[in-house]
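Written below as structure tokens is the structure these notes are about.
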There are 2 protein chains.
Amino acid sequence: MADRQLGVTVEDVAREAGVSRSTATRALRGHGRIAEETRTRVEEVAARLGYVPNLAAADLAAGGTGVVGLMLRDAANPVYGALFSRIELAARDADLDLVTVTIGADPAGAQQVQGLRRLLGMRVAGLLVATGGVESARLEPFASEVPIVRIGRDEPSDRIHAEAYDEAWHGRLLADRVRALGHRRVVVLGADAATSYGEHARADALVDGLEGVRIDRVATGAAPDDGVGAALAAVDAGATAVLCASDTRQLAVLRALAAAGRACATTGWDGILPGVDLLGLTTVRVPVEAAADAGVARIAALLDGVVDAPIHRRWRGELLVGRTLTPAEDR
Amino acid sequence: MADRQLGVTVEDVAREAGVSRSTATRALRGHGRIAEETRTRVEEVAARLGYVPNLAAADLAAGGTGVVGLMLRDAANPVYGALFSRIELAARDADLDLVTVTIGADPAGAQQVQGLRRLLGMRVAGLLVATGGVESARLEPFASEVPIVRIGRDEPSDRIHAEAYDEAWHGRLLADRVRALGHRRVVVLGADAATSYGEHARADALVDGLEGVRIDRVATGAAPDDGVGAALAAVDAGATAVLCASDTRQLAVLRALAAAGRACATTGWDGILPGVDLLGLTTVRVPVEAAADAGVARIAALLDGVVDAPIHRRWRGELLVGRTLTPAEDR
DNA sequence: TTGAAAGCGCTAACAC
DNA sequence: GTGTTAGCGCTTTCAA
């Protein structure tokens with residue numbers, strides 16, 4: 001086949017097939033009445049000419065797209081990779097087209113504004129927000145224009161839907177276990193709110209579950225081994241466990257402990273990492289699949305005109321018990 | 001601020017600001033001559049009205065976008081997550097806008113065609129292809145329309161650029177080590193070509209590097225523990241090492257070995273997984289960053305009109321020596 | 001420095 | 001069933 005010409009328009013196809021532009025469109029899109037014979041001829045010509053419809057023109061003329069915008073946090077973290085993958089899968093099954101913009105951990109929020117404008121500028125039919133970092137206030141002004149569903153994090157606004165993880169419950173799961181194993185002084189290691197909303201909230205959830213336990217809380221920045229030094233110092237001072245708000249951080253702690261020739265109980269959060277089992281991590285397996293599926297199902301329903309009042313749901317994962325959470329006595 | 005109206009057009013902004021539509025456009029885009037006073041007034045009005053430019057209209061009128069399309073393999077695999085993340089980062093630095101479509105492991109290639117059409121339909125200014133699965137023949141027809149850069153895999157066509165991994169070299173790195181440790185009969189575990197071009201090519205590279213070694217080659221499908229049974233059987237029959245074309249597969253093998261209470265040397269490929277070090281994996285750390293940066297730099301150059309003849313480059317990673325590759329004698 | 005006008009490629013009534 | 005027509009919202013000459 002010869003090289004395609006992206007410059008080929010329906011006009012060209014129509015002329016070549018000896019029909020009018022609108023007939024060609026009808027044939028190509030399969031809408032309206034069309035003679036079977038015409039349709040095949042037009043399709044044949046389109047294929048021969050290598051016609052690729054100009055989406056900008058189509059969207060403009062049609063007054064909007066059927067596309068759903070996805071705001072995603074940087075997929076370097078396997079948790080977001082897994083979430084992304086599952087959302088894509090669910091969208092495919094639901095026959096939704098997705099366009100994705102990613103957002104790093106950007107304190108100033110410039111990327112968020114940028115990404116949001118990109119999506120809104122495309123006149124997406126709906127918005128899926130899978131980044132904890134985007135504040136509710138930033139989203140809310142658009143809630144009346146476009147249905148918005150948040151995935152993986154709770155949502156204060158009652159104009160935005162949410163399929164969140166039940167982090168409070170997860171925190172209690174972990175905390176109960178830690179207490180049951182006799183720990184009475186622990187380190188809680190989580191990002192500050194600006195770096196990662198999710199990790200911050202998780203650390204809070206842990207703290208809430210740890211009544212009666214003495215807590216050294218360490219806030220970290222973005223770097224994975226941020227705060228690890230402080231955590232080890234607390235261990236030296238008598239803490240018997242280091243509870244981390246993410247598995248990546250737990251790995252950093254394990255690394256540091258090994259390097260220092262020390263031992264200490266640890267827990268993490270996510271449970272997504274391939275190899276959690278082999279590493280023996282104690283962690284919470286976050287219900288990525290459930291939240292992703294529910295989020296996509298919800299946006300699909302909203303697009304279909306099933307207009308519920310925004311619903312906020314929370315999904316529960318499970319505790320993964322590994323070797324890293326040893327009893328307090330073991331020291 | 002009141003709720004934004006996505007229905008707001010330049011027309012509305014212009015009227016409200018008391019200027020013509022073209023003046024408003026000029027003010028907003030900062031092109032052409034415009035009185036400073038007018039520009040600020042228009043901008044002020046636009047902000048007040050919550051004007052979000054319709055990208056479809058803009059692209060159509062301007063006759064194309066400045067956006068670069070990225071075709072990515074499903075980010076569930078951390079390697080693709082890392083690649084994605086790095087490409088996004090580099091694009092941000094180079095001030096390129098990216099729109100991403102993802103493609104699963106889809107034998108029929110329907111997703112590929114779909115994704116490609118989406119991107120081409122948007123009239124992207126360039127194409128970044130970070131999926132081994134997309135065949136050269138599928139891309140080539142468009143090479144004259146739009147610059148195409150492949151990232152992470154080699155490219156037979158001389159009309160498409162490539163910033164690939166030097167898998168032949170990587171294979172030799174691993175193979176040499178395996179031989180040096182005395183292995184004379186090994187299993188090579190890699191996907192069949194349809195499931196993963198990359199894994200298949202890697203298995204080939206391993207085999208090429210293993211002159212004088214007896215090889216049981218096992219081809220697998222997509223499931224991570226596919227072929228693991230066959231590999232263990234070969235170990236029973238006398239193979240002293242299992243060489244895997246990806247770390248995920250290596251993990252599956254380690255899991256199976258542990259479950260069976262057996263021991264055997266293993267190697268993997270990727271080295272991206274957080275925790276490779278703690279797991280003690282022996283693997284090749286693939287140069288994701290270098291390839292991503294180079295790919296983005298290349299497409300940026302092409303967009304700037306720096307028209308080189310397509311260049312095919314290969315980037316080299318390094319051997320990561322862990323505990324999993326034991327000497328042959330150890331059995 | 002600003003405005004008027006001519007489309008970009010496609011869709012969707014509405015006639016024929 | 002098919003053709004005609006009127007835009008969608010924006011950019012961009014070209015005059016004023």
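The values are calculated or read from the model by the stated rules, or taken from the named source; none is laboratory data. Please read all numbers here as calculations on a predicted model, not as lab measurements. Because the Cβ atoms are built from the backbone with ideal geometry, glycine has one as well, and the counts that use them run over all protein chains shown. The protein model used for the area step is the full one, side chains on, heavy atoms only, and it has no ligands, DNA or RNA in it. Shrake-Rupley method; radii C 1.70, N 1.55, O 1.52, S 1.80 Å.
Residues in segment A:166-221 that are β-branched (Val, Ile, Thr) and assigned to a loop (DSSP other than H, G, I, E, B): A:THR195, A:VAL213. Considered as a group, the residues in segment A:1-49 that are in contact (Cβ under 8 Å) with a residue 40 or more places away in the chain and either open to solvent by less than 70 Å² (accessible area, probe 1.4 Å) or over 19 Å from B:VAL146 (Cβ atoms) (or both) include one that is farthest from DNA strand D (Cβ to nearest atom), and that residue is A:ASP3. Taking (1) away from DNA strand C (no atom under 16 Å from the Cβ); (2) facing chain A (nearest Cβ under 7 Å) in turn, B:ARG48 satisfies each apart from (2).
Assigned to a helix (DSSP H, G or I) and surrounded by 20 or more Cβ atoms within 10 Å (Cβ to Cβ): is that true of A:VAL52 in this structure? It is false that A:VAL52 is assigned to a helix (DSSP H, G or I) and surrounded by 20 or more Cβ atoms within 10 Å (Cβ to Cβ). The listed residues are A:PRO310, A:PRO287, A:PRO274, and the only one of them that is in contact with a Ser or Thr (Cβ under 9 Å, 6 or more places away or on another chain) and within 30 Å of A:VAL124 (Cα to Cα) turns out to be A:PRO310. When residues in segment A:228-244 are screened for being in contact (Cβ under 8 Å) with a residue 40 or more places away in the chain and buried (at least 20 other Cβ atoms within 10 Å of the Cβ), 9 of them pass. From the list B:LEU83, B:LEU96, B:LEU72, B:LEU128, the lone residue that is part of a helix (DSSP H, G or I) and either hydrophobic (A, V, I, L, M, F, W, C) or buried (at least 18 other Cβ atoms within 10 Å of the Cβ) (or both) is B:LEU83. The single condition among (1) under 26 Å from A:GLY109 (Cβ atoms); (2) surrounded by 17 or more Cβ atoms within 10 Å (Cβ to Cβ) that A:LEU174 does not satisfy is (1).
For the structure I just gave you, tell me whether A:THR65 is facing chain B (nearest Cβ under 8 Å), outside any loop (DSSP other than H, G, I, E, B) and either modelled with pLDDT under 90 or within 22 Å of A:ALA143 (Cβ to Cβ) (or both). So A:THR65 fails the test.
When you look at A:VAL321, is it surrounded by 19 or more Cβ atoms within 10 Å (Cβ to Cβ), in contact with a helix residue (DSSP H, G or I) (Cβ under 9 Å, 6 or more places away or on another chain) and under 22 Å from A:VAL79 (Cβ atoms), yes or no? Considered against the rule, which asks whether it is surrounded by 19 or more Cβ atoms within 10 Å (Cβ to Cβ), in contact with a helix residue (DSSP H, G or I) (Cβ under 9 Å, 6 or more places away or on another chain) and under 22 Å from A:VAL79 (Cβ atoms), A:VAL321 comes out as no.
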